[in-house]
Amino acid sequence: MFICFARVIPCLVKEFVNPTMVPFVLPNVLQSQKNCTKEEFSQLILPYLKPVMKMTDPIQILLIFMQKMELLLKLCPCEEVKSDVLPMLYRALETDAQQIQELCLSVLPTYASLIEYPAMKNALLPRIKRLCISTSFISVRVNCLVCVGKLLEHLDKWLVLDEVLPFLPQIPSREPAVLMGILGIYKLVLTHKKMTMTKEVMATKVIPFLMPLSIENALTLNQFNAIIAVIKEMVNRVEGEHRVKLEQLNSIQNEQQNMDSNMASQLTSAPPTRSEFEEILGMQPSPPRPTMSVNSDISSLAQSKPLSLQDKQGLVKEQDAVRRLQQEPVLNPTQVLPKGPPPVKDLTMSLMENNLKQISLGGLGPPVAPVAAPVAPVAAWTAQAWRPPVQPQAWQSAPVTFPGPQFQLSTNKVPMNTMVSQNTFQSSMMNGMKPSQPTKQLSNTEINDFLS
């Protein structure tokens, strides 16, 4: 091996400069991989193979690499595989050689774990889909479907729903082998634990696509049974999932209807009568509201004689007034009105009552009836025309004069001529007449009696 790595391989790699000699020299260089380790291959052989891997012409170079790809991928480090070997496989899918395409499709699933998610989504799957739709070889199309089925383990659920399943109905071929490849992908998606197919996708896209395929004339009995079995499984899943959804919605609607009916029954139940409220609050029952049959009155009037437009308008206004009257609350006659301020007594009336009270206390006959309140003009004259002079500083010593007839208010003796009738006093007050006799000064006791 030392002679091979030191003498033979350096001479062979010098011919890589000439593209026409590469197909003849490359198999001999790759043959030396069988007896070397990973370290020896990565240090002595791989640096010379990297420039050759980037060459796509002639096609024999790719074919040689495809034939030795399993050994190449086994000896290359992971980083070298991602950077140099896998891009060569992606380029091989774009060639027109059927053998290279089939070899590449058979090798890719083995090393799918080394393919990163962005490369799988943007580099590998678009090339496989394009090749499967555009190729004219049935074997290449079937190998594309088989490769996709093997790559499902390394794909994301959303990537399968968005990239893989939509392109299957676009395949133009309807050969039994191609149909079995399509059916295999659908079956793997249904049975895989990580993959889930929604009932909307199955009901709107997958089942309408598979049902016409089941009546293809080229299918055998086993192939027909396989397609029908997948269709029945999808139908059962759609039925079960949608039934559960409808049952849940139905239960929610029933609960909502029960709640609405309970609320309606509570609202329509008879409220406590007025008497019950009055018993609770300790109130007296209110008189019943009189009922008025407006419609019957109007109908009886309309039947008795024909009505004019003005009469009809008047009846409508009366009907509206009656309705408003019925809507007004019933007034409780037992309701106690708020007490107002006490009535203000007239000064003249209070003085005369005190005077008569003093006369009755004097023992000069039976008590005299109180003088009635003067009429409005006298009250106005007493409130506006006459104001007794008030001296707060000499209140106790100042004499108090009283306009009107002379009254001798003493505890011992009262002359009879001092009693004046009510009519004479009122007439003298209304006419603004002054008394003919001079006024008498009152004592302190009499002043206090008047003021009380």
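The values are calculated or read from the model by the stated rules, or taken from the named source; none is laboratory data. Note that the structure is predicted; figures quoted are calculated from it, not measured. Reconstructed Cβ throughout: ideal geometry from the backbone, glycine too, with neighbour counts over all protein chains shown. Protein only, heavy atoms only, side chains kept; ligands, DNA and RNA dropped before computing areas. Shrake-Rupley method; radii C 1.70, N 1.55, O 1.52, S 1.80 Å.
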Legend entry - Number of the exception - GLU239 against (1) among the charged types (D, E, K, R); (2) exposed (fewer than 13 other Cβ atoms within 10 Å of the Cβ); (3) in contact with a helix residue (DSSP H, G or I) (Cβ under 6 Å, 6 or more places away or on another chain): (3)
Inset, instruction - Could you pull out the residue among ILE133, ILE185, ILE207, ILE215 that is modelled with pLDDT of 90 or more, aliphatic (A, V, I, L, M) and not in a helix (DSSP H, G or I)? - result: ILE215
Inset, instruction - Take region 22-36 and flag every residue that is of a type outside the set (Gly, Ala, Ser) and open to solvent by less than 70 Å² (accessible area, probe 1.4 Å). - result: VAL22, PRO23, VAL25, LEU26, PRO27, VAL29, LEU30, GLN33, CYS36
Inset, instruction - Answer yes if at least one residue in region 158-179 is of a type in the set (A, V, I, L, M, F, W, C), without any contact (Cβ under 8 Å) to a residue 12 or more places away in the chain and surrounded by fewer than 18 Cβ atoms within 10 Å (Cβ to Cβ), and no otherwise. - result: yes
Legend entry - region 45-60, subset at pLDDT 80 or above and of a type in the set (A, V, I, L, M, F, W, C), residue nearest to GLU116 (Cα to Cα): MET53
Inset, instruction - For LYS74, state whether it is in a helix (DSSP H, G or I) and modelled with pLDDT under 80. - result: yes
Legend entry - Looking only at region 88-125, and only at residues there that are part of a helix (DSSP H, G or I) and without any contact (Cβ under 8 Å) to a residue 24 or more places away in the chain, the one that is surrounded by the most Cβ atoms within 10 Å (Cβ to Cβ): LEU89
Legend entry - Test: residue in region 153-171 that is in a helix (DSSP H, G or I), over 29 Å from SER214 (Cα atoms) and either modelled with pLDDT under 90 or not charged (D, E, K, R) (or both): yes
Legend entry - Check on GLN60, in contact with a Pro (Cβ under 9 Å, 6 or more places away or on another chain), open to solvent by 10 Å² or more (accessible area, probe 1.4 Å), part of a helix (DSSP H, G or I) and closer than 28 Å to PHE137 by Cβ: yes
Inset, instruction - Spot the failing condition for GLU279; the list is (1) open to solvent by 90 Å² or more (accessible area, probe 1.4 Å); (2) modelled with pLDDT of 85 or more; (3) not hydroxyl-bearing (Ser, Thr, Tyr), and only one is missed. - result: (2)
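Residues checked against (1) basic (Lys, Arg); (2) more than 30 Å from SER136 (Cβ to Cβ):
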site: ALA177; (1), (2): no, no
site: LYS187; (1), (2): yes, no
site: MET202; (1), (2): no, yes
site: LEU221; (1), (2): no, no
site: HIS242; (1), (2): no, yes
site: GLN253; (1), (2): no, yes
site: SER261; (1), (2): no, yes
